[in-house]
Structure formats: C-alpha cells, structure tokens
Amino acid sequence: NAMDKASISVRADHWLNESVLWKSLLSYANLDTEMPGSLNESDYHSRPGYSYQTFTYRDVEALRVSTGFEGELNAGGKSSATLYYRDNTTHQLPSYLIFNTSATSASGRTTENSFTSLGASAYHRQQWERFKLTLGGLLEQSPNQQKEQNLAIARDASGRYVAYTRGSVRRDYQVDLGNQALFADAAYAIADGWALNAGLRYDRVVYDFSNHLSPSATTGAASQTQNFAHLSPKLGLTWDAGQLFVYSNYSQGFTPPEVSALFSSAVAPNLSSATYDQYELGLRYSPLATLKVDASLYRLQGQDTLVNYSFAPGLSVARNAGKTQHQGVELGLNWAATPQWHVALAGQYARHTYLQYRPSPLENYAGQDIPVAPSWQGTLEVAYRPMSHTRIALESVYLGPYWMDNPNTIEYAGHTLFNLRGEYQLKNLTLWANVSNLLDRAYAEVAMSSYKGQGRHNGNTQDSYSPGAPRSIAMGLSYAFGGAR
C-alpha cells in the first residue's frame, strides 16, 4: 500500500543558570496512507499480499508544542513545569468499518476527528536525609469534534470493494474533555538498603457532550455532561544490596468509559470506571560489570471492565460486567561479552484470562483465555561494533501462538521475524539503515475470529488476518547541533 509521510522535530535547550534548564519542543507530522485491511483465511494463506480495498485511506496531521523548565530551585529539590499544546486532525475511510451485506455490496463509513489540547503539568520533588516527597498536578482541556458519514459500497465478482456513494450523516458531535489530576509520592529509608514508598493520585475526567443531530439509536444520545473521578493508591518496598536490587509494588489504576460507549445509543447507559489492581515482585541483579539481569512477576486484575451485552442481533448495550486477570513473568538480560559484542534478551510468559465475560445470554467465556493475547513473547539482539563509531545488530522477534476467538477454538500459530540494523556515526552526524523482516516471512500483525463456538466454523467469513509488512528497508540520517550539558 502507498504511504506518504513528512515529519519534523525541533528541540531547543537553554540553561537559565547553572541548575535550571529551559526546554522547548516542536514536532509536526503528516501521514497520508492507504489502508489495505485484513484478509480471510484462504486469501491469507494463498496470497498474503492481496487486498480487497481500492479506496480506503487515513490522513493524519499532528502538531505538538511544549515549553517548560526543570532544575534545582532550592537545595535538595527538583522542580518541573511544562505548558503544552496539541492539534490533531484525522480524516479516514477505514477498512475496519466496512461490513459485507451481500455478495455484491457492503456498508461502510468515513470518520473525521479533530481535537486541540491545552494543558499544563508541574511537580516538585524535595529530598531530605531519609525522606523524599513529590507533589504535582495536571490540567488539560481538549475540545474534540467528531463526524461520521454512511457509505453504500459496491463489490465486484472477486470480492473487492470498487466504488462507494455517500449517504446520511451518522454522527456529528463535539466533546469538550477536561482532565485534572493531583498526585503525591513519598519515599522513606527505613533502614540501610530498605525503603518504603507510597503514593496517591486523584483524577477527574469531565465529558461535556454536544450532539449536533437529533438523538437516536444511530446518531447518539442527547447533549449532556458526565464526569468520573478516582483516587488511586500505590505502595512499595525496596531492598538495595549493591549488586542486587529487589522491589515489590502494589498499585491501582482506572479507565473511564470512552465517548463511544457513553453516548453512542439514544440513552446514555449508567457506566462507571474500570479499575485495575497490580501486584509486582522483581529484581535487578548485576553480578558483573558486563552483565545485568532484570526479572519480575506480576498479576493485574481488572474489575468493572466494559462489555457490550447483546440482548438480540443488532441490539446491544454497554455494561460494567467484565473481570479479567493478567499474570506472568518477565526476564531481561544485557551482556557485554566483549567490547565489540553485546547481547540483549527480553522475554515474557503470561496468561490473560476472562474471569467474568458474558456478552449475550448464549455466550459465557469465564475462564477462557483472552483472544489475541499470546502467552510467549521475546526478542534477542546480537550487536557488533567493529569500530567505536559503527554498530551492526541482528534482532530476532518471537511471537507465540494465541487464540483468535473467545471460545478458544481457532489458533494463530505465531511467528519469528529477523531484523537487521546498522549505524555509522561521524562526529555529530549519524547515518543509519534498517532492514525489517529480513527473511521476507509471511505473517499476521493481528489474527482474529468472530466464531462463537456454535455451529460450523467458516474461516472465510469469520476469520480475519491483517498481513504484516514484507521485507522493508529504511535509511536516514540525524544531526545533533551542539552537545549535551
């Protein structure tokens, strides 16, 4: 698929004095790309480079600007304050919103989204002999415009989408999103090598929704305001024994309902935020100056997860009726075998499970693995520096098998890819080149199935595979003006 991308990033640093840095960033990007979409089972295996799409696209324009200072304003303290602005516009006719209605027709829709954000964040950290305290906050306001238009799409005899006509406006609304947060974090050295840390964060999210259309099941709910607030705690204990560092943490986070869940139906459902409790135990071990090992065990449990409950075909409502569990082990290793050779390994084994998930009266997936959530993942990189300013690295990326459907009956086999990277540095100039998918393997970025475990499975109507990119080569250069202070 064709893609045009242009981007620029500029950073300016100015030291106001010996201890305070004024830093400003500007980045702009424009992306105009086709969207090849996914394939059914037969086409994925027989012709993975094929696409049913002829007109789908995504056009994104994004501007980010920030300015602020950080540094020591008093003895033992560090302060930071940042003011930022974002302007983002996305126009698209996405492949994932095209649905077949017959052998010769389909429905779809365009989406237009634009938002601006103006925000400020700040914190101050003060260190005493055995005690450290951090206080901070965030203020952000983001007006968001959203519009969708229905499309009637024609298909040819091969199943390709070849033409479309525009229909009615499906959605036209504005949401003024406000976000305020306050946080405090404290750490206390209770004994030699032992430290206790605790924190609290308060978040408040406000949705001011204005519907420009008459409320209905397709155009959305009536204009209204909803807000969500949450107080999130965290607690941890660490032990530093020099070469060995051990840590344990408990933390809680939350996710408020999205705009699409709150206001997509004629009557806004009564929803609450989903909460997530995480427990973690880990260590960092450096038995040698050239060897570093990181390992951790974790468990994340989600409550009040949002579920689209279907009473009948075409009739569904959002509910806080899901519970999930994610637990596993992560391992990282960095080994400088010689000054020229370096090995980096990162891997994990995890299980992602529905504890409670019943999306309809006939479907209950409690106890099943969550689809598109592989248990095994890992990367291995071997890097070689023939000279101090030259680096060549070969990377292997492994993704294990996973279930594609909720009943856990259809499986994607996983894949292993290889990437080659190189860079050459000459003073402030760096030249680099990357070869992705070096062996040109066919694989799927995402493989999903809508099969519900009832009746016969049909891979050509229920399964979808998003083919990964073939062998790709990218080259570039970067130049650093001045040096770091």
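In table form, for the structure just shown:
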item	result
Within the stretch 202-310: Cβ-based charge dipole about Cα centre, in debye rounded to nearest 20 (Lys, Arg +1; Asp, Glu -1)	160 debye
For the stretch 18-82 versus the stretch 104-180, the gap between their alpha-carbon centres in whole angstrom	13 Å
Summed residue charge, Cβ within 10 Å of Gln149's Cβ, Lys/Arg positive, Asp/Glu negative	+2
Farthest positive-ward along the chain dipole, Cα basis, beta-carbon charges - from Ala186, Val329, Ser95	Val329
Dipole-positive endmost among Gln53, Met35, Leu21 within the stretch 1-98 (Cβ charges, Cα centre)	Leu21
Sum of side-chain charges, Lys234 neighbourhood, beta-carbon under 14 Å (Lys, Arg +1; Asp, Glu -1)	-3
Leading residue at positive end of dipole, the chain (Cβ point charges), from Gly414, Ala274, Ile8	Gly414
Cα-based reach from Lys23 at 27 Å (exclusive), listing lysines while leaving out same-chain residues under 8 positions away	Lys5, Lys78, Lys132, Lys427
Proportion of all alpha-carbon pairs of the chain beyond 34 Å (%)	52 percent
Charge context of Ala189, other residues only, Cβ under 12 angstrom, K/R +1, D/E -1	-1
Two-decimal ratio, the stretch 1-99, of alpha-carbon radius of gyration to 2.2 N^0.38 Å	1.75
Whole-number accessible area per residue in Å² for the stretch 284-393, which is evaluated in the context of all protein chains at 1.4 Å	57 Å²
Dipole moment magnitude, nearest 20 debye, the chain about Cα centre, only Lys, Arg, Asp, Glu C-beta charged	140 debye
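The values are calculated or read from the model by the stated rules, or taken from the named source; none is laboratory data. Please read all numbers here as calculations on a predicted model, not as lab measurements. Counting neighbours? That spans all protein chains shown, and the Cβs are built from the backbone with ideal geometry, glycine included. Keep in mind that these areas ignore ligands, DNA and RNA; they rest on the heavy atoms of the full protein, side chains included. Shrake-Rupley method; radii C 1.70, N 1.55, O 1.52, S 1.80 Å.
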